[in-house]
1. When you go through Asp72, Asp51, Asp120 one by one, which is the residue that is among the acidic types (Asp, Glu) and over 23 Å from the mean Cα position of the chain (by Cα)?
2. For the subset of segment 34-61 comprising residues that are of a type in the set (Val, Ile, Thr) and assigned to a helix (DSSP H, G or I), which member is surrounded by the fewest Cβ atoms within 10 Å (Cβ to Cβ)?
3. Under 7 Å between Cβ atoms, which residue pairs at least 6 apart in sequence (or on different chains) link something in segment 156-176 that is on the phi > 0 side of the Ramachandran plot with a partner that is of a type in the set (A, V, I, L, M, F, W, C) and open to solvent by 10 Å² or more (accessible area, probe 1.4 Å)?
4. With the checklist (1) without any contact (Cβ under 8 Å) to a residue 60 or more places away in the chain; (2) of a type in the set (A, V, I, L, M, F, W, C); (3) buried (at least 19 other Cβ atoms within 10 Å of the Cβ) in hand, flag the one item Leu220 doesn't pass.
5. Out of (1) under 30 Å from Ala234 (Cα atoms); (2) buried (at least 16 other Cβ atoms within 10 Å of the Cβ); (3) of a type outside the set (Lys, Arg), what's the single condition that is false for Thr317?
6. When segment 321-341 is examined, which residues are found to be open to solvent by 10 Å² or more (accessible area, probe 1.4 Å) and farther than 20 Å from Ser288 by Cβ?
7. For segment 266-291, which residues satisfy the criterion of being over 14 Å from Leu312 (Cα atoms), in contact (Cβ under 8 Å) with a residue 60 or more places away in the chain and either touching a Cys at 6+ places or on another chain (Cβ under 6 Å) or not hydrophobic (A, V, I, L, M, F, W, C) (or both)?
8. Could you pull out the residue among Ile197, Ile172, Ile186 that is over 16 Å from Ala56 (Cβ atoms) and buried (at least 23 other Cβ atoms within 10 Å of the Cβ)?
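The values are calculated or read from the model by the stated rules, or taken from the named source; none is laboratory data. Computed from a prediction, not measured in an experiment: that's the story for all the values here. Because the Cβ atoms are built from the backbone with ideal geometry, glycine has one as well, and the counts that use them run over all protein chains shown. Only protein heavy atoms, including side chains, enter the accessible area calculation; ligands, DNA and RNA are left aside. Shrake-Rupley method; radii C 1.70, N 1.55, O 1.52, S 1.80 Å.
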Amino acid sequence: MMKRTLAALLCVSALLSPAALAAGAPQVEAAAAVLMEKETGAVLCGQNPHDKREPASVTKVMTLLLVMEALDEGRIALTDPVSVSAHAAAMGGSQVYLKEGEQMSVEELIKAVAVVSGNDAAVALAEHLAGSEDAFVARMNEKAAQLGMTDTTFVNCTGLPAAGHLTSAYDIALMSRALILEHPGIRQYSTIWMDTIRGGAFQLANTNKLVRYFEGCTGLKTGSTDSALYCLSATAQREGMELIAVVLGAPTSAQRFDAAKALLTFGFANYTLADVRPDQAIPPVSVSLGVADTVQPVLEQGSRILVEKAQLNQLTTELRLADGVEAPVEAGQKLGELVVSAGGTQLQTIPLTADRAVARITVPGLFLRLLRTLFLSG
């Protein structure tokens with residue numbers, strides 16, 4: 001690929017590589033931890049991120065993800081009545097004391113899961129969606145595979161202790177990202193501090209204390225068992241950037257919240273999102289033997305990328321484009337890339353792709369073009 005270079009200093013951001021991570025990332029009192037940025041999926045820091053551990057009720061991030069998918073796709077509705085089975089009513093641990101045969105709406109059950117981590121409510125939703133908890137768990141594992149959660153095996157939809165029910169801080173960050181990125185409506189429930197169900201007869205108070213005490217907190221899910229210890233996936237947004245802090249195996253409840261706060265505070269202090277754009281229009285690329293003479297390159301992905309705040313004034317971009325391509329050209333075909341660097345170190349390349357398809361010209365079309373050219377030149 002030949003290249004044309006358009007270098008320009010830009011106050012913009014770049015997707016971080018491990019070498020670009022800011023110094024001073026906190027070491028937290030937990031067995032494992034990860035800090036991830038939502039939009040780009042960049043990991044800002046980690047501590048044993050792929051260690052397989054019990055997640056306790058943080059499992060319910062996946063339960064809520066599948067429920068929110070079903071809602072957004074119209075397969076279920078918030079007002080749907082859910083009949084509670086004996087199996088759901090028999091769940092121990094955190095619960096809202098559902099009774100066999102009781103009916104509760106999908107929305108109230110979502111509140112029960114998101115706010116107070118109701119195991120009985122989670123199973124009731126799972127059965128409503130898939131027919132049985134086992135069938136729902138199969139969907140959980142399918143979704144985990146789709147998200148690239150290679151450290152994860154789900155055995156139930158609650159996170160109650162079960163042999164082989166394991167995941168990692170990194171995988172929890174992946175499913176948390178999918179939930180808040182693709183289904184922002186979850187915030188309506190994950191940010192509730194206090195509420196009620198059963199027509200006001202049953203009080204709910206959020207198990208995630210950051211919802212009340214950490215600026216910008218948007219959720220997401222707590223968990224604890226004797227074997228998993230204290231776990232948390234905490235999300236927060238400030239200045240248009242949302243971060244995910246996952247903490248597994250903290251010795252106490254207070255330490256899990258302190259760890260999440262330390263991670264989130266570090267992220268907001270050191271990183272920012274901004275738009276990457278070249279300082280002039282991207283020129284078209286010539287097309288030979290096409291029905292059109294040129295095709296316009298465009299940035300393949302969103303131009304908002306992540307960078308250390310300290311690097312903002314050091315960033316440069318370099319535009320690399322093919323001198324020309326031969327038809328046919330497919331929409332989305334790569335035509336070059338925008339290279340973002342800081343201090344001479346390459347941080348990210350963003351593909352530049354064709355904004356439309358260009359078909360190969362036919363023989364009759366080529367003949368007409370030649371005639372037109374001769375006529376105009378004569």
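1. Asp120
2. Step one: filter segment 34-61 for residues of a type in the set (Val, Ile, Thr), giving 34, 40, 43, 58-59, 61.
Filter once more, keeping what is assigned to a helix (DSSP H, G or I): 58-59, 61.
Numbers: Val58: 27, Thr59: 32, Val61: 29.
Looking at residues that are of a type in the set (Val, Ile, Thr) and assigned to a helix (DSSP H, G or I), I get Val58.
3. Gly164/Val155
4. All conditions pass for Leu220, except number (1).
5. (1)
6. Glu337, Ser341
7. Gly267, Pro278, Asp279, Gln280, Pro283, Gly290
8. Values: Ile197 fails: buried (at least 23 other Cβ atoms within 10 Å of the Cβ); Ile172 fails: over 16 Å from Ala56 (Cβ atoms).
Unique residue meeting the criteria: Ile186.
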